[in-house]
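**Student:** For reference, the structure I am asking about is given below.
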Amino acid sequence: MQTETTKTPKNRYWTLFLSTLTISAFTFGGGYVIVSLLKKKFADELHWLEPEEMLDLAAIAQSSPGAVAVNAAILVAYRTLGLPGMGVAILGTIIPPFVIISLVSLCYTAFRTNPIVAAVLKGMQSGVAAVIADVTVNLTRSVRKESGTVGVLILIGAFLASWLFSVNVLWIIFICAAYGLGSTWLRLHRRRERML
């Protein structure tokens, strides 16, 4: 379902640029936060993606090298507007952090020792925790809808392995990928046998 402002290709690129620019400018807390905001914008509001697609793109963004925020924006843009969309999304995503970090680096010493800045950053941590909790709940619902109880158990197991037992994230990704490939192969094999 497209709004009037997103019907023409030119307007869609402009909408993509402004969306990624705004999300990137107001995202604090890392890549996991931006995934939720991208889902709300491109799946819930603009309807350019299905919520299940966003879950798949988030998984690919997390397991790819580089910043999760940039990876997620690139994947969403490629899925919706192809290669030109990727360039637009990259620009929209990297401009705000580039400008902010450049300004902060000029005044780093003053910021580092300023108690007001320290208090503001502490306050932001609470907001970031709430947004990450929201991401977790939404993604868990999507996993349960798509993969059932087994998917939720894998999600909980991956979290516990990383948090309690300090298992390297790469191992968790490899194990989950192997499980996904194995279960898909088994499902397709069973379907083939039924058809014969």
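The values are calculated or read from the model by the stated rules, or taken from the named source; none is laboratory data. Keep in mind that what you see is a predicted model, and the values were worked out from it rather than measured. Note: ideal-geometry Cβ built from the backbone for every residue, glycine included; neighbour counts use all protein chains shown. Each accessible area value is taken on the protein alone, full model and side chains, heavy atoms only, with ligands, DNA and RNA left out. Shrake-Rupley method; radii C 1.70, N 1.55, O 1.52, S 1.80 Å.
**Student:** When you look at residue 154, is it under 19 Å from residue 63 (Cβ atoms), out of contact with any helix residue (DSSP H, G or I) (no Cβ under 6 Å at 6 or more places or on another chain) and not basic (Lys, Arg), yes or no?
**Tutor:** yes
**Student:** Tell me, please, whether a residue that is within 18 Å of residue 169 (Cα to Cα), surrounded by fewer than 22 Cβ atoms within 10 Å (Cβ to Cβ) and either in contact with a His (Cβ under 7 Å, 6 or more places away or on another chain) or small (Gly, Ala, Ser) (or both) can be found in the range 16-35.
**Tutor:** Scanning the range 16-35 turns up at least one residue that is within 18 Å of residue 169 (Cα to Cα), surrounded by fewer than 22 Cβ atoms within 10 Å (Cβ to Cβ) and either in contact with a His (Cβ under 7 Å, 6 or more places away or on another chain) or small (Gly, Ala, Ser) (or both).
**Student:** Now for a different question. Which residue pairs have Cβ atoms under 9 Å apart, sit 6 or more places apart or on different chains, and have a first residue in the range 123-138 that is over 10 Å from residue 36 (Cα atoms) and a second that is in a helix (DSSP H, G or I)?
**Tutor:** Listed by first residue and then by second, the contacts come to 128/33.
**Student:** Can you tell me how many residues within the range 139-172 are more than 22 Å from residue 51 (Cβ to Cβ) and not in a loop (DSSP other than H, G, I, E, B)?
**Tutor:** The qualifying residues number 9.
**Student:** When residues of the range 82-113 are filtered for being modelled with pLDDT of 80 or more and more than 19 Å from residue 34 (Cα to Cα), how many remain?
**Tutor:** 7
**Student:** Quick check, is residue 116 surrounded by 11 or more Cβ atoms within 10 Å (Cβ to Cβ) and assigned to a helix (DSSP H, G or I)?
**Tutor:** no
**Student:** How many residues are open to solvent by less than 60 Å² (accessible area, probe 1.4 Å) and either at pLDDT 90 or above or in contact with a strand residue (DSSP E or B) (Cβ under 9 Å, 6 or more places away or on another chain) (or both) if we restrict to the range 155-175?
**Tutor:** Total satisfying the criteria: 6.
**Student:** Suppose we filter the range 55-87 for residues that are touching a helix residue (DSSP H, G or I) at 6+ places or on another chain (Cβ under 7 Å) and free of Cβ contacts under 8 Å to residues at least 24 places away in the same chain; how many remain?
**Tutor:** Residues that pass the stated criteria total 7.
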